[in-house]
Amino acid sequence: MTELKKIGVVGAGQMGNGIAHVCALAGYTVVLNDISEPALEKARETVEKNMQRQLSKEFISLDEMTSALDRMTFTTDLSEFGDVDLAVEAATEKEPIKVDIFAKLLQNVSPDAYLASNTSSISITRLASTTDRPERFIGLHFMNPVPVMQLIEVIRGLATDQATYEMALTLAERLNKTVANAEDFPAFIVNRVLMPMINEAVYTLYEGVGTVEGIDTAMKLGANHPMGPLQLADFIGLDTCLSIMQVLHDGLADTKYRPCPLLVKYVEAGWLGRKVGRGFYDYRGDAPIPTR
Ligand code: CAA
């Protein structure tokens, strides 16, 4: 098994910057790639801000923070992936986008590099089959916010070999995270359970059973969830939630996974949640205000 030294992450959104953050803090050299310069700039600021939070809580020292930041580069140029030992794709949850990224990655990474996808629902076997190395391809599903959440879901595709799986376990251990093994079926474990709950919360709103605040308060105080389901949907991104429901619906062909029309409407409006300032709540003022 190749020992990992340098890790490349594609996609500087909320998952990609979190993955880059924890890998750099664990001592890996990290290159974070995105097609957008402003997205990279925002990612750099987010990583610094989140490390600052960890510093102020004394989870990390100033020295650990500065050396982690020194180990990170931010680039739009995939040719900087030539010496990565592992490339992790963390782009939008759309299969054609991911397939296109892996095709571009293959033109830049070394023949020995491992490939991973942070997909939250799409078949690892299918993504792996579009590459020249399905045996060195694996699903590494991190949770948001990556620096805080303890879990990595590890998903082996049909062809993933033992060395690649062991690489994933070693990486998780070095990142101080716990692994849950999931079989390669639509949305794996976390989102197979979580997304139908969120979708049902949107149905509960759609059918007028509760208001946005009523539903979130009920689940926070009634089920001890740290966030209400609609607040969590906004946090994850409503486009991501919808994409995952579509993968469940298409992949398992069961009507119980049909996306709620109200979720579709919010996505069509571009009200995608916190990242755009508006979803089930409006975040543009001092405090979030329900949008229904
Ligand atoms: N980076 C570093 N530290 C962070 C952070 C970040 N991005 N976000 C929060 N923190 C730290 C804070 O500094 C704080 O530290 P202390 O406990 O030492 O005070 C701690 O995390 C809690 O944060 P806050 O006090 O700001 O806020 P909170 O108590 O409301 O917690 C939360 C925030 C951790 C996000 C919490 O609300 C929570 O656990 N929410 C549920 C998150 C969840 O379910 N995530 C999974 C989503 S599903 C997914 O990711 C899979 C998918 O494919 C869709």
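Every number here is computed from the coordinates shown, using simple stated rules; none is lab data. Fair warning: this is a prediction, and the values are worked out from it, not measured in the lab. Cβ atoms come from the backbone with ideal geometry, glycine included; neighbour counts cover every protein chain shown.
Could you work out how far apart the two model spin labels at Thr92 and Lys42 are, taking each label as a point 7 Å from the Cα in the direction of the beta carbon, and quote it in nm?
My value for the distance between the label points is 1.3 nm.
Mind pulling the angle between the C-alpha long axis of helix 95-106 and the longest principal axis of the chain? Nearest 10 degrees, somewhere in 0 to 90.
The angle comes out near 10 degrees.
For the chain, give the share of DSSP beta bridges that are antiparallel, in percent and rounded to the nearest 5; count only bridges with both residues there.
Rounded to the nearest five, the antiparallel share is 25 percent.
As I understand it, the value is the acute angle between the Cα axis of helix 37-56 and the longest principal axis of the Cα atoms of the chain; what does it come to in degrees, rounded to 10?
Once rounded, one gets 90 degrees.
Would you mind giving the three semi-axes, in whole Å and largest first, of the ellipsoid equivalent to the chain according to its Cα gyration tensor?
Ellipsoid half-lengths, sorted descending, are 31, 23, 17 Å.
Roughly how many debye, to the nearest 20, is the charge dipole of the chain about its Cα centre, given +1 on each Lys and Arg Cβ, -1 on each Asp and Glu Cβ, and no other charges?
560 debye
Pop a pseudo-label 7 angstrom from the Cα along the beta-carbon direction at both Leu252 and Gln107 and give the gap in nm to one decimal.
The answer from the label model is 3.8 nm.
Looking at the square roots a ≥ b ≥ c of the eigenvalues of the Cα gyration tensor of the range 192-284, which shape do they give, rounded for a/c under 1.5, prolate if a/b is larger than b/c, or oblate?
Verdict is oblate for the range 192-284.
Would you look at the GNM of the chain, springs on alpha carbons closer than 10 Å, and say which of Leu62, Leu78, Leu232 moves the most?
The residue that fluctuates most here is Leu62.
Please list, in order, the residues from the range 51-90 whose amide nitrogen is less than 19 Å from a point placed 7 Å along the Cα→Cβ vector of Arg126.
89-90
List the lysines whose Cα lies under 26 Å from the Cα of Lys98, skipping any in the same chain that are fewer than 8 positions away.
Lys5, Lys6, Lys42, Lys177, Lys265, Lys275
Using only Cα atoms, tell me the angle between helix 238-252 and the longest principal axis of the chain; keep it within 0 to 90° and round to the nearest 10.
Around 80 degrees separate the two axes.
Could you please rank Asp85, Asp250, placing first whichever residue has the fewest other Cβ atoms within 10 Å of its Cβ?
Placing the least packed residue first, the sequence is Asp250, Asp85.
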